[in-house]
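Worksheet for the structure shown next.
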Amino acid sequence: MKKHTHLKQLEYESIQILREAAAESENPVMLYSVGKDSAVMLHLAKKAFFPSPPPFPLLHVDTTWKFQEMYKLREKAAKDAGMELLVHKNQEAVDKGINPFDHGSLHTDMWKTEGLKQALDKHGFDLAFGGARRDEEKSRAKERIFSFRSKNHGWDPKNQRPELWSLYNTRKNKGESIRVFPLSNWTELDIWQYIYMENIEIVPLYLSEMRPTVERDGMIVMVDDDRFPLEPGEVPVQRSIRFRTLGCYPLTGAVESTAKTLPEVIQEMLLTTTSERQGRAIDKDASATMEKKKQEGYF
Amino acid sequence: MTDNAYRPDALIAENVEEYLNTHLEKTMLRFITCGSVDDGKSTLIGRLLYDSKMIFEDQLAALEDESKAGGTQGQDIDFALLVDGLAAEREQGITIDVAYRFFATEKRKFIVADTPGHEQYTRNMVTGASDSQLAVILIDARKGILTQTRRHSYLVNLLGIKNIVLAVNKMDLVDYDQATYDQIVSDYRVFADSIGIAEFTAMPISGFKGDNIASVSENTPWYNGITLMNHLETVDVGEDVRQSGPLRFPVQWVNRPNLDFRGFSGQIASGVVKPGDEIRVLPSGKTSTIKSIVTMDGDLEQASAGASVTLTFNDEIDCSRGDVICAAADPAEAADSFEATLVWMDEHEMLPGRSYVMKIGTQSVNATVQHPKYRVDVNSIEQLAAKTLQLNDIGVCSLTTDKRVVFESYNDIARGGHELGGFILIDKMTNATVAAGMLNFALRRSDNVHWQATEVDRTAHANLKNQKPMVLWFTGLSGSGKSTIANEVEKKLHLMNRHTFLLDGDNVRHGLNKDLGFTEADRVENIRRIGEVSKLMVEAGLIVLTAFISPFRGERRMVREMLPEAEFVEIYIETPLEVAEKRDVKGLYKKARAGELKNFTGIDSPYEAPTNPEIRLDTTTQTPEEAAQKVIAWLFDSSNQS
């Protein structure tokens, strides 16, 4: 009998995790960021419950600063999956006009960290799927697949449960919740290969094209709409760029590239590599940042 | 620097699609590395990552800087820096059982379980080894086989890992001396035989210099074997074994999108399944045949161990989460009493008799563990007597469950042993995972004691006595007034022609439980026995009154769960410690304060007050007579008794 390939094994494992989590929770939700990892996670959820639609809604914690192409795919992906799409915007951040240009790290804190907590509390979700992977960063290598959060969404690193075999202890007290990471054991290369193999729809921004850009702090940033504050007299430059990760457009660094197809992107990635999160401004602080963000409730 | 052949730059550059297609055929291997930092474990993992080109340029640049600044290898790259970082986290008190690392070659993707080799080794190693298919046991060539080598080997073997690599590391520091290497291998063979490891693959390496890691070393011309990387790429991971056995399919989720479709979703633990196959659903034993194997990519002709699929049957038979779909001709067994090997993982010791949640496959049941038959000293591999198990202890125990569990022996991998024989125990109060376990075999005892289907049943007993049987469970501190009030209540019920029986310390401690002391474990067993006796008496139609301190919520809950709903009435005598101690009818508090009595509740042993008892009695404002009247009123006013 033919052996299972590594991508099939990863797929089977993720499906097992998705089903366990759904079977043992009362009100699950899938956090959907519209990025490539979310795309793979959503695809796996469709497979796990086929022919039923996944038995939970998608939740997008919106910052209002995502790329326009992400908003387009968001609506389409939910519709194709037959799933309800919930969009949450932190009203306080809306009122205060919090933005990445004037507010620095407060932007992430309020829109994402606070916004996520609000959304989870509002709907009473007791389990949330997230697309984080262990290979993204050194500090994530030890993360559990099922990660427990207190009533206040705090992550208590001293109180996490050992995970043996494929058995997950999902018991919790009222008010506590679980974050589940079905892609824990996938690497960036696995994600790309799987997208290629399964022909999964991703935001076109991952592929190179001529796009209007400016440079900020050594980073190439795309001018995605007219909210971008240009210097007096500054005119965006057309560059052939693509993105390795997608977040808020003013905070996401592009790479100059001519890779217009998925195989070409993978080729570039394999030949000239810098580790993935380098392009994201949020990670440029001290290395303990991630740990701190996690304790505050951000993924 | 070692050359390596793991980055086919040429093919990536020339024809990436062809490269991608070859990569879509890769397999996967999960392995664990065993050893401490001193053995060069981090260096070896860092080297594997580096040699398989999993290190990105920015990481490498950072690494070179760090190596010069703080590394231990002079001007060379300190590979250990790539994977360390656990030390700092440990200082912050963050629990790390296992850190996972990833790398890949043309042939395989690898997931490395890296466990810190410090004090928590047993818990961590067992966690990391539980889903590993191979273990690399690292030995420092200068030191040979150490206590920790034995410990690591024992644990790896216990968890059923069949592929063991004995990596004799730091060969550069013993001048690549063959005699040193041969001696270590032959010493290890003797030890391996003694603990039942039949086979292992030995190789001389240097993680630091790269010898025999990715390319054959010129420094060891006397070594005829393959490199570590080559071995990892080609070793058989046992998929054939899992496929060779009978079908085992634990049902995770019933898939019911509409009235026309009813499928059972899960991951195949062993065997192969095809449409038309005869199956038997356990524990019910109902049979049918497979109609289809459903996936989003279309129905399959067949599926094998490891695959996550959805099965449909040709007949409508009951099947739900927790059931196991088996090959009809060779089904699994179901039992409720087992011998199991337990690895204790919690700060709180095991309490024999306490009811824990047992999760095995997709089944969750209540389980109680008996006193260990023995525990194993993982350093000397000796069997020692034990009354309980502490954090990081390993022991063999009998275990009973409240429902029949569909299982296989853990070691029988061809029959889904890991999926249907590996389990965890969960504390019901803290929800912590307190133990990992492996079922060895079912104890035949329970099979032979068939439940006697009595014709005069519990309803008949109760009807004759014209009453509703129940347990009135009085709990509270010593001297709170439990026995006094229980006695008053019994007198009143007796006058009302009710058939009662009062269990208290006097008639239980002197007989049934005279072998038990006052340790936490003995207190749990004490309550378990009282619970079982009460249950029998309730079935005989009696109203049972019990007067025991019963300090732990877990045990009171256990008794509650033994009985049908509404037949367990918890009565909390809410007397404060100062009041009870002042009364000190039996002079026990005085002795306890003087240190003459150990484990005295309220003094040096905790009392966990009920959070939601049916009845609360305050003896500081009520006389025993008034309190008893309140119980009677509760029983009759709320028509709990007719």
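The values are calculated or read from the model by the stated rules, or taken from the named source; none is laboratory data. Note that this is a predicted model, so its numbers are computed, not measured. Methodologically, a virtual Cβ is constructed for each residue, glycine included, from the backbone with ideal geometry; neighbour enumeration extends over all protein chains shown. Just the protein is used for accessible areas: all its heavy atoms, side chains included, with ligands, DNA and RNA removed. Shrake-Rupley method; radii C 1.70, N 1.55, O 1.52, S 1.80 Å.
The Rg/Rh ratio for the range B:333-448, using Cα coordinates for both the radius of gyration and the Kirkwood hydrodynamic radius, is 0.95. Here the Karplus relation 6.51 cos²θ - 1.76 cosθ + 1.60, evaluated at θ = phi - 60°, turns the backbone of the range B:221-230 into coupling constants of x, 6, 9, 9, x, 8, 6, 4, 4, 4 Hz, with x for every Gly and Pro. On C-alpha positions alone, give me the angle between the axis of helix B:624-637 and the longest principal axis of chain B, in degrees, nearest 10. So the inclination is approximately 80 degrees. Suppose the Debye formula is applied to equal point scatterers at every Cα of the range B:328-371; what is log10 I(q)/I(0) at q = 0.29, 0.30 Å⁻¹? Calculated log10 I(q)/I(0) at the listed q: -1.36, -1.40.
Overall, the range B:458-640 carries a charge dipole of about 300 debye about its Cα centre when +1 sits on the Cβ of Lys and Arg and -1 on the Cβ of Asp and Glu, all other atoms neutral.
As a test, work out the antiparallel percent of DSSP beta bridges whose residues both lie in chain B, rounded to the nearest 5.
Roughly 65 percent of the beta bridges in chain B run antiparallel, per DSSP.
Relative intensity of the range A:70-112 on a log10 scale, I(q)/I(0) at q = 0.18, 0.19 Å⁻¹, equals -0.65, -0.68, per a Debye sum over C-alpha point scatterers of equal strength in the absence of solvent.
Extents of the range A:1-108, taken as max minus min of Cα coordinates on every principal axis and listed largest first, are 60, 29, 24 Å.
Its residue count N fixes a reference of 2.2 N^0.38 Å for the range B:204-269, and the Cα radius of gyration divided by that reference is 2.12. Structural descriptor for the range A:204-283: relative contact order 33 percent, calculated from alpha carbon pairs under 8 angstrom and at least 6 residues apart. Within a straight-line Cα-Cα reach of under 13 Å, B:Lys591 can be paired with the following aspartates and glutamates, leaving aside sequence neighbours fewer than 8 residues apart in one chain: B:Glu581, B:Asp604.
Sorting the Cα pairs of the range A:204-283 by distance into bins of 10 Å, from 0 upward, gives 18, 51, 26, 4 percent per bin. Taking every Cα-Cα distance in the protein assembly as shown and sorting them into 10 Å bins starting at zero, the pair-distance distribution P(r) comes out as 2, 10, 18, 21, 19, 14, 9, 5, 2, 0, 0 percent.
Candidates A:Pro182, A:Val214, A:Asn169 compared by Cα position along the dipole of the range A:139-215: farthest toward the positive end lies A:Asn169, with charges placed on Cβ. Normalised by residue number, the volume inside the convex hull of the Cα atoms of the range B:301-345 is 186 Å³ per residue.
Each of B:Ala627, B:Pro606, B:Val559 was scored by the projection of its Cα onto the charge dipole of the range B:552-642, and the greatest displacement toward the positive side belongs to B:Pro606; charges sit on the C-beta of Lys, Arg, Asp and Glu. B:Leu146 to B:Ala385: FRET efficiency via 1/(1 + (r/R0)^6), r the Cβ-Cβ distance, R0 35 Å, to the nearest 0.05? According to the calculation, E is roughly 0.85.
Nearest 500 deg cm²/dmol is fine: what mean residue ellipticity at 222 nm does chain B get from its DSSP H runs of n ≥ 4 alone, each adding -39,500 (n - 2.57), divided by its residue count? So the helix-based figure for chain B works out to -8500 deg cm²/dmol. Put a plus charge on the Cβ of each Lys and Arg, a minus charge on the Cβ of each Asp and Glu, and nothing anywhere else: the dipole of the range B:333-448 about its Cα centre is then about 300 debye. What net charge do the residues around A:Gln68 carry, taking every other residue with its C-beta under 10 Å from that of A:Gln68, with Lys and Arg at +1 and Asp and Glu at -1? Here the count lands on -1. Rounded, prolate or oblate: pick one for the range B:421-571, where a ≥ b ≥ c are the square roots of the eigenvalues of its C-alpha gyration tensor, a/c under 1.5 means rounded, and failing that, prolate if a/b is larger than b/c, else oblate. Oblate is the answer for the range B:421-571, as a/c is 1.5 or above yet b/c matches or exceeds a/b.
In square nanometres and to one decimal, what's the mean projected area of the convex hull around the Cα atoms of the range B:123-183?
Computed as one quarter of the Cα hull surface, the answer is 4.4 nm².
Relative contact order of chain B, taken over Cα pairs closer than 8 Å and 6 or more residues apart, is 9 percent.
Restricting the calculation to Cα atoms, every distinct pair contributes to the Kirkwood radius of the range B:242-327, found to be 12.5 Å.
For the range B:275-392, dividing the convex hull volume of the Cα atoms by the residue count gives 164 Å³ per residue.
From the Kirkwood radius over Cα pairs of chain A, Stokes-Einstein at 25 °C and 0.890 mPa s returns a whole-number translational diffusion coefficient of 122 µm²/s. Applying Stokes-Einstein at 4 °C and 1.567 mPa s to the Kirkwood radius of the range A:93-159, computed over alpha-carbon pairs, gives a translational diffusion coefficient of 92 µm² s⁻¹.
As a test of understanding, state the convex hull volume per residue of chain B from its alpha carbons, in Å³. Please report the intermediate quantities before stating the final value.
On the way: hull volume 140.3 nm³, N = 642.
With only Cα atoms used, chain B gives 218 Å³ per residue.
Would you work out which of A:Pro57, A:Ser147, A:Ala78 lies farthest towards the positive end of the dipole of chain A, given +1 charges on the beta-carbon of Lys and Arg and -1 on that of Asp and Glu, about the Cα centre? Looking along the dipole axis, the top candidate is A:Ser147. Summed over both chains, the area buried between A and B is near 6900 Å², taken from the accessible surface of protein heavy atoms with a 1.4 Å probe. Each Lys and Arg Cβ is given +1 and each Asp and Glu Cβ -1; about its Cα centre, the protein assembly as shown then shows a dipole of about 2720 debye. Remark on the range A:41-55: accessible area falls by at least 50 square angstrom from chain-alone to full-complex state for A:Phe50, A:Pro51, A:Ser52, probe 1.4 angstrom. In the full protein context, the protein assembly as shown carries 41 Å² of accessible surface per residue, based on a 1.4 Å probe and ignoring ligands, DNA and RNA.
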